[in-house]
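The values are calculated or read from the model by the stated rules, or taken from the named source; none is laboratory data. On a predicted model such as this, the values are computed, not experimentally measured, just so you know. Here the Cβ positions follow ideal geometry from the backbone for every residue, glycine too, while neighbour counts run over all protein chains shown. Keep in mind that these areas ignore ligands, DNA and RNA; they rest on the heavy atoms of the full protein, side chains included. Shrake-Rupley method; radii C 1.70, N 1.55, O 1.52, S 1.80 Å.
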Amino acid sequence: MKVHHLNCGTCCPIGGHLFDGYSTGVSAHLVCHCLLIETDNGLVLVDTGYGAQDIARPRDRLSRFFIALNRPQLRPEETAVAQVRRLGFDPSDVRHIVVTHLDFDHAGGIEDFPNARVHVTAREKEVADERKGGAFVSRKRYRPQQWNDAANWSLYPLGGGEPWFGFDAVRDLQGLPPEILLVPLAGHTWGHAGVAVLEDSGRWLFYAGDAYFQNGEIRGDHRTCPPGLRAYQRLMEVDAAARIANQRRLRALAGQQSDAIRVFCAHDLTEFEQLSRASRQHRGAT
Ligand SMILES: [Zn+2]
């Protein structure tokens, strides 16, 4: 399986390094890290960032609150569908989409791939569909207009499954090879899950979605997180204890299994640049 790393949505919230820990100007820089996986059964997209319709009609699709807070750049060339085409594929080649959760910055591209089956935890679909009348953040974060037209869903329970490096994994994703696993990581949302992908090298890629937001939270001697990202994670969390417990498990995994597993998250620019550069170099060398 060949894995492409795609940034499907640069965001530039105000705050510079106080928000992201590394930007020098007024704006911070975050990515929407997605994966495009070439399998024997067609293409699999993991998370979808912002989609073509978000860019054409942002006010209809996204909340004003999060447009102002996150300042998504909404560049057509960054959509997954544009990048799929640039890689020489047709959007209809994308047969499966696995989403970590249904937040606006992960679900925006779903409807750009009408042939795809969407895989997500049942709990996430349930809370996202029930957003009406809910709390402020849940009405703003979940935008059913981003996925209402998607017809084919595979929904998975949060519990059970087989163990995987100390996590409970759902191994059988309908129609997908066994090298792609959905790994429940609740806390950021009720049904949030990571996605593990076994690369041909025998090493796992573990995409943790929004279970953490910055490299320093799971690597280094001491946990670090800039104040802006700390505040954003608190704003968005639904279960603080579960989120922190899962972050601790990810930290232990990244430290103890660094030879076997590469853990990364959705919005860290540094992690994205490292992984996309490494996969391009690997591809150039083979
Ligand atoms: Zn996110």
Practice prompt. Might you let me know whether segment 31-51 holds any residue that is aliphatic (A, V, I, L, M) and either out of contact with any strand residue (DSSP E or B) (no Cβ under 6 Å at 6 or more places or on another chain) or at positive phi (or both)?
Written response: no
Fill in: Subset tally (residues that are in contact (Cβ under 8 Å) with a residue 60 or more places away in the chain and either buried (at least 20 other Cβ atoms within 10 Å of the Cβ) or more than 16 Å from the ligand (Cβ to nearest atom) (or both)) for segment 67-103
14
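For (1) free of Cβ contacts under 8 Å to residues at least 60 places away in the same chain; (2) under 17 Å from Leu102 (Cα atoms); (3) within 18 Å of the chain's Cα centre (by Cα), each residue gets a yes or a no:
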{"position": "Met1", "(1), (2), (3)": "no, no, no"}
{"position": "Leu6", "(1), (2), (3)": "no, no, yes"}
{"position": "Ile14", "(1), (2), (3)": "yes, no, no"}
{"position": "Ala28", "(1), (2), (3)": "no, no, no"}
{"position": "Leu35", "(1), (2), (3)": "no, yes, yes"}
Worksheet item: From the set of residues in segment 104-114 that are touching a residue at least 60 places away in the same chain (Cβ under 8 Å) and more than 16 Å from the ligand (Cβ to nearest atom), which is surrounded by the most Cβ atoms within 10 Å (Cβ to Cβ)?
Response: Phe113
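Being in a loop (DSSP other than H, G, I, E, B) and at pLDDT 95 or above is the filter here; which residues of segment 1-12 pass it? Please lay out each step first, then the result.
We begin by selecting, within segment 1-12, every residue in a loop (DSSP other than H, G, I, E, B); these are 1, 8-10, 12.
Passing the criteria: Cys8, Gly9, Thr10, Cys12.
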Worksheet item: Give me the pairs: first residue in segment 220-235 and open to solvent by 20 Å² or more (accessible area, probe 1.4 Å), second residue of a type in the set (Val, Ile, Thr), beta-carbon distance under 9 Å, and six or more apart or on different chains, which are they?
Response: Leu235/Val137
Practice prompt. Determine which single condition Arg139 fails, assuming it passes every other condition in (1) open to solvent by 30 Å² or more (accessible area, probe 1.4 Å); (2) away from the ligand (no atom under 16 Å from the Cβ); (3) assigned to a loop (DSSP other than H, G, I, E, B).
Written response: (3)
Worksheet item: Within segment 247-265, is there a residue that is under 17 Å from the mean Cα position of the chain (by Cα) and either in a loop (DSSP other than H, G, I, E, B) or at pLDDT below 95 (or both)?
Response: yes
